Amino acid sequence: IGDNVKFARENKEEYNELGASVTLGLVFHAPLFGFFTVAEEKYDASDIVIPRISKLVFYGLSLVAAMSTYWILSKALGRGLGGLQGAKYYTTGWLDHVLLILYVFVGIFLCLFYKFCAKAFGAVADKVPAILRETIGGLAIGLFAMLLPLLLFSGEEQIDYVMENFGNYAPMYMIAIALLKIVLTALSIKFGFKGGHFFPVIFRKCQKLSYGI
């Protein structure tokens with residue numbers, strides 16, 4: 001018992017990271033999240049750490065336990081976590097699986113586009129006084145929010161609405177939302193608004209908005 005307590009105390013940071021990875025992977029419906037996060041970590045050889053293979057095993061066991069608990073509670077309480085629930089309206093075919101290859105490259109492009117926007121806004125923000133910078137950022141966010149309310153918030157509820165009413169939106173409109181969402185995210189972070197990368201100010205939901213156009 002003493003050895004186990006000592007081992008747990010020496011590796012509490014690693015256990016906390018595993019717990020956070022499992023939680024985020026479950027909440028955001030991305031079970032592989034933790035595997036990649038753990039595999040990319042680099043440690044000083046002098047640190048006392050759990051071996052990498054063991055961490056992967058521990059993450060797998062923790063993920064199974066978390067998913068099992070989630071499934072049991074969902075069955076018992078009659079509901080589950082929010083997010084991407086709109087997928088229940090559709091069935092997938094072979095073409096959907098083929099298009100996943102295209103979506104990978106689209107995701108890479110969007111990542112590079114975000115890095116470009118972040119670099120550009122960062123260069124501008126460094127040359128503008130804080131009050132003026134935040135004023136400009138607030139006006140830009142407010143203007144875009146009035147024109148395209150779907151740009152706001154985390155997207156969990158909005159994706160359900162879009163999946164149910166996608167026939168009301170032109171393809172170019174949806175592409176514009178995807179690109180402008182990235183622009184607003186980079187602007188919000190680089191112009192000093194609260195929330196950081198995880199929940200910048202445009203993701204904070206204060207009230208229901210109408211998504212009609």
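Nothing in this text is a laboratory measurement; each read-out follows from the coordinates by a stated rule. Being a predicted model, the structure only gives us computed values, none of them experimental. Glycine gets a Cβ as well: all are built from the backbone with ideal geometry, and neighbour counts include every protein chain shown.
Some points to look at:
- When each of the peptides 128-140, 17-29 is scored by how many other beta carbons lie within 10 Å of its residues on average, the order from highest to lowest is 17-29, 128-140.
- What the phi angles of the range 159-170 give under the Karplus curve with 6.51, -1.76 and 1.60, with θ = phi - 60°, is a coupling list of 5, 4, 4, 5, 5, 7, 10, 4, x, 8, 10, 6 Hz, glycine and proline written as x.
- Net charge, Arg133 excluded, C-beta distance under 15 Å - Lys, Arg +1, Asp, Glu -1: +1
- Over the range 127-192, relative contact order from alpha-carbon pairs under 8 Å, at least 6 apart, %: 56
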